[in-house]
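Following: one structure in structure tokens, then a few remarks.
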Amino acid sequence: MGSNDSGAAATAGDRLSRLSDAVLGHVLSFLPADEAARAAVLSRQWRHVFAHVHTVALDEPDPHIPDYDGDWSPGYGGPVDRNAAAPSPPFTNAVSSALFRRLRGGGGAASVLLRALRVAFHKFSGLNAGLVDMWLWYAVQQAGKDGELHLDLQLRRSAAPCGRIYSLRRAGGAEEPPEAAMDDEDPASPRFELAVAADVDVALPATSPLSSDGDAADDEPPPPLYKNEYRLASACPRLADLTLESCNSNLTKLTVLDKRLRRLALRCCHGLAAVAVASSELRAFEYRGAIPEPWFLTLHGGARRISSCAIDICGAEAAEPPELARLGAFLRLFPGVERLSLTSARLGGGAPAFPTFPKLRHLELTGMVPDDDTGAVATVTRILRRTPRLDALTLFFLPEVEELQEGDYQDIDEEELLDGHTLKYDRHAPLDVPEIDIPCLREGTKEINFVHYEGGLAQRKLAKFLLRNAPVVGEVCGEFAVGPLWIQTRLMEEIKEWVMNKSANMMFF
């Protein structure tokens with residue numbers, strides 16, 4: 001290395017060392033707390049940097065997977081775990097340590113307000129309820145009177161919110177494949193996520209439930225410690241953002257009337273039967289679950305300010321008239337939304353009951369479009385006729401559920417599994433589509449996106465229909481499913497040919 005290179009390196013090092021603790025703390029806040037703590041010990045000058053970290057985020061590591069040595073016999077000692085390591089401290093110790101390290105010396109005050117606390121347990125134990133109470137109390141105190149606190153507490157980590165899979169109804173009304181079994185009594189991934197404009201005088205009682213009026217029920221005894229559940233208090237007077245995910249069937253009613261929520265998300269809380277919220281400040285609503293009953297959601301203050309809505313109907317396709325009527329009634333609760341995401345087993349499910357959204361600008365439809373779906377064009381047409389001011393349309397094609405049974409995999413070698421893909425292209429397939437005058441496509445829609453495009457017959461017909469009837473579209477984006485490049489290229493060229501506005505910006509991935 002030459003002298004100039006050495007001087008440049010020294011200058012770069014000096015620049016890093018000249019950064020203030022506040023700047024370094026802000027940078028470290030984007031790392032998990034354990035990694036931020038390790039970075040803070042790189043230099044003596046950084047020993048107090050962790051006091052400037054405004055976000056504490058920790059995930060409990062996955063359990064140790066033993067690798068037993070096969071050279072052992074009964075009566076001569078137990079198996080030897082070749083992956084064994086020194087026992088690590090409990091996960092709760094790491095969270096407590098990260099929180100208290102923000103306090104500098106003996107002053108008992110952090111250098112910056114706490115903005116976010118995110119903790120994800122692999123599996124929560126009621127024995128840790130006291131520690132969790134302490135963390136919540138600390139977080140609210142350290143957020144300050146006028147600060148905003150984001151709290152994300154996940155009590156049991158899981159890959160999916162629940163075990164309900166999307167399934168289509170085939171001819172004759174049968175479901176293929178059947179929906180996965182689900183035990184509502186066992187919470188797959190209990191999660192509470194709150195964004196709180198915190199008040200310094202607020203404390204979170206250890207055993208207060210999420211009560212109907214938001215106050216602690218002091219007369220109720222605490223739950224037994226052996227239960228693997230945690231009853232999070234709703235005692236934050238300035239609660240702004242509330243997310244409940246995969247709560248077990250014990251939570252049947254939610255009433256939040258003394259808070260001005262700006263966002264409410266309910267994901268896979270399948271035991272929840274009634275929700276009542278003060279909606280005068282509500283801007284965004286998210287729901288995932290079965291089609292709710294008409295009395296499920298009560299908005300005190302109306303829905304006039306709700307501009308963003310995401311509805312995800314998990315499980316089997318809704319096809320019966322009573323189901324469609326309930327879905328239509330649920331969607332009609334949000335007439336003024338400007339952004340709507342609708343997910344169901346079949347793309348556009350519920351179209352017969354789809355209400356008019358006069359202010360809707362961005363629409364995202366997610367679902368499966370199997371090759372034998374002859375009604376996809378009619379379904380989307382019916383929906384677009386009820387969105388007169390639509391600017392952007394996104395279609396997210398879910399892959400069809402594999403129909404292989406567990407025993408079928410023994411006849412498939414590893415190479416076949418790795419090379420498997422769902423892309424299709426048949427240049428001789430009939431792609432006749434109708435020319436229908438749809439006002440929003442003809443006059444206003446500027447953007448059309450296709451996500452996980454597989455090139456099946458029904459998907460190609462739907463894409464061609466939309467693009468051939470959208471003369472003013474200015475941006476087209478296609479994201480293809482994984483597969484051979486030559487198929488992706490053929491599908492890309494086909495889409496480019498269908499676009500009427502040849503000067504449109506087209507992107508493909």
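Numerical summary
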{"read-out": "Tally, over segment 258-295, of residues that are surrounded by fewer than 17 Cβ atoms within 10 Å (Cβ to Cβ), within 23 Å of residue 152 (Cβ to Cβ) and of a type in the set (Ser, Thr, Tyr)", "value": "0"}
{"read-out": "Test: residue in segment 403-425 that is in a helix (DSSP H, G or I), at pLDDT 90 or above and of a type in the set (A, V, I, L, M)", "value": "no"}
{"read-out": "Count of segment 328-341 residues which are open to solvent by less than 50 Å² (accessible area, probe 1.4 Å) and not in a loop (DSSP other than H, G, I, E, B)", "value": "6"}
{"read-out": "Segment 487-509, subset of a type in the set (S, T, N, Q) and closer than 22 Å to residue 389 by Cβ, residue surrounded by the most Cβ atoms within 10 Å (Cβ to Cβ)", "value": "501"}
{"read-out": "Within segment 1-59, tally of residues that are at pLDDT 80 or above and of a type in the set (Ser, Thr, Tyr)", "value": "3"}
{"read-out": "Pair list, Cβ < 6 Å and 6+ apart or interchain, from segment 315-341 residues that are under 19 Å from residue 379 (Cα atoms) to residues that are open to solvent by 40 Å² or more (accessible area, probe 1.4 Å)", "value": "316/175; 316/179; 317/169; 317/346; 319/169; 324/352; 329/294; 341/364"}
{"read-out": "Count of segment 463-486 residues which are open to solvent by 10 Å² or more (accessible area, probe 1.4 Å) and either closer than 16 Å to residue 425 by Cα or in contact with a strand residue (DSSP E or B) (Cβ under 7 Å, 6 or more places away or on another chain) (or both)", "value": "11"}
{"read-out": "Residue list for segment 132-153, filter: open to solvent by 60 Å² or more (accessible area, probe 1.4 Å), among the hydrophobic types (A, V, I, L, M, F, W, C) and without any contact (Cβ under 8 Å) to a residue 60 or more places away in the chain", "value": "134"}
{"read-out": "Residue, modelled with the highest pLDDT, within segment 426-450, restricted to residues that are assigned to a loop (DSSP other than H, G, I, E, B) and farther than 27 Å from residue 399 by Cα", "value": "438"}
{"read-out": "Residue ID - farthest from residue 317 (Cα to Cα), chosen from residues in segment 356-372 that are under 23 Å from the mean Cα position of the chain (by Cα) and outside any strand (DSSP E or B)", "value": "361"}
{"read-out": "Test: residue in segment 342-355 that is part of a loop (DSSP other than H, G, I, E, B), in contact with a helix residue (DSSP H, G or I) (Cβ under 8 Å, 6 or more places away or on another chain) and open to solvent by 50 Å² or more (accessible area, probe 1.4 Å)", "value": "no"}
{"read-out": "Given (1) open to solvent by 50 Å² or more (accessible area, probe 1.4 Å); (2) more than 14 Å from residue 393 (Cα to Cα); (3) basic (Lys, Arg), index of the condition residue 460 fails", "value": "(1)"}
{"read-out": "Answer residue from segment 40-53, given it is under 30 Å from the mean Cα position of the chain (by Cα) and open to solvent by less than 20 Å² (accessible area, probe 1.4 Å) and is nearest to residue 143 (Cα to Cα) among those", "value": "53"}
{"read-out": "Residue check for residue 286: farther than 29 Å from residue 260 by Cβ, in contact with a strand residue (DSSP E or B) (Cβ under 7 Å, 6 or more places away or on another chain) and not hydrophobic (A, V, I, L, M, F, W, C)", "value": "no"}
{"read-out": "Selected residue (only one of 207, 298 is at pLDDT 50 or above and either among the β-branched types (Val, Ile, Thr) or buried (at least 21 other Cβ atoms within 10 Å of the Cβ) (or both))", "value": "298"}
{"read-out": "Selection within segment 429-454 - within 14 Å of residue 508 (Cα to Cα) and either in contact with a Ser or Thr (Cβ under 6 Å, 6 or more places away or on another chain) or open to solvent by less than 30 Å² (accessible area, probe 1.4 Å) (or both)", "value": "448, 449, 450, 451, 453, 454"}
{"read-out": "Criterion violated by residue 325 - all others in (1) buried (at least 18 other Cβ atoms within 10 Å of the Cβ); (2) touching a helix residue (DSSP H, G or I) at 6+ places or on another chain (Cβ under 7 Å); (3) not in a loop (DSSP other than H, G, I, E, B) satisfied", "value": "(1)"}
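Condition check ((1) within 29 Å of residue 25 (Cβ to Cβ); (2) β-branched (Val, Ile, Thr); (3) at pLDDT below 85) across all residues:
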| residue | (1), (2), (3) |
| --- | --- |
| 119 | yes, yes, no |
| 133 | yes, no, yes |
| 138 | yes, no, yes |
| 144 | yes, no, yes |
| 160 | no, no, yes |
| 164 | no, no, yes |
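The values are calculated or read from the model by the stated rules, or taken from the named source; none is laboratory data. Nothing here was measured: the structure is a model prediction, and the numbers come from that model. All Cβ positions, glycine included, derive from the backbone under ideal geometry; neighbour counts span all protein chains shown. Surface areas here come from the heavy atoms of the whole protein model, side chains and all, with no ligands, DNA or RNA. Shrake-Rupley method; radii C 1.70, N 1.55, O 1.52, S 1.80 Å.
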